[in-house]
Amino acid sequence: MKIQGLIAAGLCSALLAGCTTNPYTGEQQAGKSSIYGLGGAAAGAIVGAATSSKKDRGKGALIGATVGGAAGAGYGYYVDQQEARLRQELSGTGVQVVRNGNDIQLVMPGNITFASSSADIASSFYPTLNSLVRVFKEYDRNGVDIVGHTDSTGSLELNMRLSQQRATSVASYLTGQGISGARITSRGVGPSQPIASNETQEGRARNRRVEINLRPMQ
């Protein structure tokens, strides 16, 4: 039996698990877990075949494909569900949910999180943070990396301090609401990672933001 066939066999259960319901259309769709299952199965088959004797190479590839596919689809399926919950909870809040492989990034513009030049969380933003708390408690297999950003207006020292203070404010609120501090890191990077031009008012507004990056726990 060819390696390609073994990979397909190992993927069967992973692909079935990867079917999700689109939260907006209600239709069934292949989740990203199917993609991760494919990568895991391929890698597992290669490793399984390479580490087996010539006689048992086919068997080793099948075992590797099955284990690799299931492992890849397992976490991918978990992130599919988490992403859907976040989009549901954060709809209409102004927070962007960005999926990149196994990682989820939440982009929170400064105009909805903090007053100008302040590290005090805006009172109107607490309901949104509470929505995050609910999802983070339900889905607790992620590390929570909080990063503060600023535009380039003002001194570098001021912007570094402000970005760190804002990230710390968000981290402190999350831990105060019961999210384990062991999951959370916070840092400020000032104006060093712009996502738009600092030459325009609109660009500077986009650069003033806090991001939460959700990644697999190490």
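Looking at the structure I just gave you, is SER180 assigned by TED's automatic domain parsing to the domain that holds ASN207, closer than 24 Å to GLN201 by Cβ and loosely packed, with under 15 Cβ neighbours inside 10 Å? Reasoning before the result, please.
Working: assigned by TED's automatic domain parsing to the domain that holds ASN207: yes; closer than 24 Å to GLN201 by Cβ: no; loosely packed, with under 15 Cβ neighbours inside 10 Å: yes.
When the stated conditions are applied, SER180 does not pass them.
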Practice problem: Would you mind telling me which numbered condition in (1) assigned to a strand (DSSP E or B); (2) at positive phi; (3) not β-branched (Val, Ile, Thr) SER117 fails? | Solution: (1)
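Starting from residues that are of a type in the set (Asp, Glu) and outside any helix (DSSP H, G or I), keep the ones in region 175-218 and report whichever is farthest from the chain's Cα centre (by Cα). Before you say what the answer is, go through the steps one by one.
First, pick out the residues of region 175-218 that are of a type in the set (Asp, Glu): 199, 202, 211.
Going one step further and asking which of them are outside any helix (DSSP H, G or I), we end up with 199, 211.
Details: GLU199: 30, GLU211: 11 Å.
Selected residue: GLU199.
Can we say GLN164 is within 28 Å of GLU202 (Cα to Cα) and modelled with pLDDT of 95 or more? Before you say what the answer is, go through the steps one by one.
Numbers: within 28 Å of GLU202 (Cα to Cα): yes; modelled with pLDDT of 95 or more: yes.
When the stated conditions are applied, GLN164 passes them.
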Practice problem: Count, please, the residues in region 183-213 that happen to be among the polar types (S, T, N, Q), surrounded by 15 or more Cβ atoms within 10 Å (Cβ to Cβ) and out of contact with any helix residue (DSSP H, G or I) (no Cβ under 7 Å at 6 or more places or on another chain). | Solution: 2
Practice problem: Please verify whether region 165-172 includes one or more residues that are exposed (fewer than 14 other Cβ atoms within 10 Å of the Cβ), touching a residue at least 40 places away in the same chain (Cβ under 8 Å), under 26 Å from GLU89 (Cα atoms) and not β-branched (Val, Ile, Thr). | Solution: no
Self-check item: Scope region 109-143; condition of a type outside the set (Phe, Trp, Tyr) and touching a Phe, Trp or Tyr at 6+ places or on another chain (Cβ under 8 Å); matching residues
Solution: ILE112, THR113, ASP120, ILE121, ALA122, LEU129, ARG141, ASN142
Practice problem: Test ILE146 against the criterion of being surrounded by 12 or more Cβ atoms within 10 Å (Cβ to Cβ), under 30 Å from TYR78 (Cβ atoms), more than 16 Å from the chain's Cα centre (by Cα) and among the β-branched types (Val, Ile, Thr), and give yes or no. | Solution: no
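The values are calculated or read from the model by the stated rules, or taken from the named source; none is laboratory data. Please read these numbers as outputs of a predicted model, since none were measured by experiment. Neighbour counts are summed over all protein chains in view; Cβ atoms, including those assigned to glycine, are modelled from backbone coordinates with ideal geometry.
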